[in-house]
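Inspection log for the structure reproduced underneath, given as structure tokens.
The values are calculated or read from the model by the stated rules, or taken from the named source; none is laboratory data. Treat the numbers as computed from the prediction; the structure is a model and nothing was measured. As a convention, Cβ positions derive from the backbone with ideal geometry for all residues, glycine included, and neighbour counts pool all protein chains shown. Side chains included, ligands, DNA and RNA excluded: accessible areas come from the protein's heavy atoms. Shrake-Rupley method; radii C 1.70, N 1.55, O 1.52, S 1.80 Å.
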Amino acid sequence: MAAGIALGNLAPGLFAVLAGFEYASVNLVVALLIWAMVYPMMVNVDFASLSHIGERPKGLIITLVVNWLLKPFSMAALGVLFFEILFADLIAPADAQQYIAGLILLGAAPCTAMVFVWSQLTRGDATYTLVQVSVNDVIMIFAFAPIVALLLGVTEISVPWETLLLSVGLYVLIPLIAGYLTRQSLMKRAPAKDGEAAVAGFVARIKPFSVIGLLATVVLLFGFQGNIIIEQPLLILLIAAPLLIQSYGIFIIAYGAAWLWRVPFKVAAPCALIGTSNFFELAVAVAISLFGLNSGAALTTVVGVLVEVPVMLSLVAFANRTRGAFPQE
């Protein structure tokens with residue numbers, strides 16, 4: 001983040017050149033980096049795990065209700081509340097609509113890759129986390145675009161459907177298919193009992209590219225928005241306010257529901273964290289595709305990255321401290 005801000009202010013010409021690598025409203029540099037991030041995660045998605053969908057249904061029900069029936073709509077409502085009412089005197093109406101759009105994109109994209117990290121930090125059930133991620137990925141293919149279009153329409157923001165559908169195809173469907181085909185190929189070539197080991201070994205080999213893609217994307221995004229972050233720190237705080245309320249509020253609802261329903265901790269913690277975190281890679285890519293690299297929507301998704309890691313780490317710490325309040329099996 002710091003490197004991106006510094007480079008954005010020291011070498012704005014470089015970022016102007018990178019911004020020019022665009023086709024059909026898709027920045028090719030950002031697309032390449034996001035594929036590098038998302039592909040290893042998609043190789044890990046085991047659709048065979050969907051056969052376990054009926055096991056421990058409570059955690060999955062909480063995840064799905066929070067992710068698809070609550071979170072997108074609460075994020076849109078908070079965006080309207082803050083930027084059209086509470087902050088109306090501080091932000092121009094056109095800019096406010098951009099920030100609301102960015103919030104909607106974040107709210108409609110439930111986390112996938114980082115969920116495995118949060119689950120591991122809480123010693124969650126890895127298999128069940130994989131089930132949750134697999135189900136969410138399948139739903140995302142069909143639900144993300146309609147939900148975003150609905151909420152953008154409600155807030156009177158023009159929706160270019162072609163670009164929205166193209167983004168879902170580029171950043172969810174194609175990586176998911178590529179990951180599935182890679183996984184199937186590895187499983188077939190490995191001895192009968194070594195398929196999972198072959199997949200794990202392959203993911204471990206390509207994981208550095210995912211990390212490089214993540215770091216480069218963050219540098220690039222903060223480089224494009226670096227001047228705004230330096231010149232308008234108050235704006236960053238204004239955007240962060242609804243994001244913080246959304247994150248902690250969603251976690252309280254999901255974690256509280258899991259506690260009331262007596263869900264075992266190793267399922268309860270991941271099911272709450274998956275609803276709280278965002279698939280920011282998708283949100284960033286779609287924001288850039290729909291509104292442009294230097295748009296307020298793209299800035300909002302970048303602030304989402306800035307806010308998410310410390311928030312999620314604080315929630316992981318809280319979950320670990322309250323482990324004893326949940327059944328252990």
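LEU293 versus (1) part of a helix (DSSP H, G or I); (2) closer than 25 Å to MET37 by Cβ; (3) open to solvent by 10 Å² or more (accessible area, probe 1.4 Å); (4) in contact (Cβ under 8 Å) with a residue 24 or more places away in the chain: which is the lone unmet condition?
Of (1) part of a helix (DSSP H, G or I); (2) closer than 25 Å to MET37 by Cβ; (3) open to solvent by 10 Å² or more (accessible area, probe 1.4 Å); (4) in contact (Cβ under 8 Å) with a residue 24 or more places away in the chain, only one is false for LEU293: (1).
If we scan segment 248-263, do we find a residue that is part of a helix (DSSP H, G or I), surrounded by fewer than 19 Cβ atoms within 10 Å (Cβ to Cβ), aliphatic (A, V, I, L, M) and at pLDDT below 90?
For segment 248-263, residues part of a helix (DSSP H, G or I), surrounded by fewer than 19 Cβ atoms within 10 Å (Cβ to Cβ), aliphatic (A, V, I, L, M) and at pLDDT below 90: absent.
For segment 290-329, enumerate the residues that are basic (Lys, Arg) and within 21 Å of the chain's Cα centre (by Cα).
Matches in segment 290-329: none.
Would segment 216-224 turn up any residue that is open to solvent by 30 Å² or more (accessible area, probe 1.4 Å) and either more than 24 Å from VAL117 (Cα to Cα) or under 22 Å from the mean Cα position of the chain (by Cα) (or both)?
yes
Here are the criteria: (1) more than 30 Å from GLN97 (Cα to Cα); (2) open to solvent by 20 Å² or more (accessible area, probe 1.4 Å); (3) over 21 Å from the mean Cα position of the chain (by Cα). Tell me which single one LYS207 does not satisfy.
(3)
Quick check: is even one residue across segment 225-241 open to solvent by 20 Å² or more (accessible area, probe 1.4 Å) and in contact with a strand residue (DSSP E or B) (Cβ under 9 Å, 6 or more places away or on another chain)?
No, segment 225-241 contains no residue that is open to solvent by 20 Å² or more (accessible area, probe 1.4 Å) and in contact with a strand residue (DSSP E or B) (Cβ under 9 Å, 6 or more places away or on another chain).
Please work out which residue is surrounded by the fewest Cβ atoms within 10 Å (Cβ to Cβ), limiting yourself to segment 63-77 and to residues that are out of contact with any Ser or Thr (no Cβ under 9 Å at 6 or more places or on another chain) and among the small types (Gly, Ala, Ser).
Within segment 63-77, the match that is surrounded by the fewest Cβ atoms within 10 Å (Cβ to Cβ) is ALA77.
Being of a type in the set (A, V, I, L, M, F, W, C), open to solvent by 10 Å² or more (accessible area, probe 1.4 Å), free of Cβ contacts under 8 Å to residues at least 40 places away in the same chain and within 22 Å of PHE209 (Cα to Cα) is the requirement here; does PHE21 meet it?
yes
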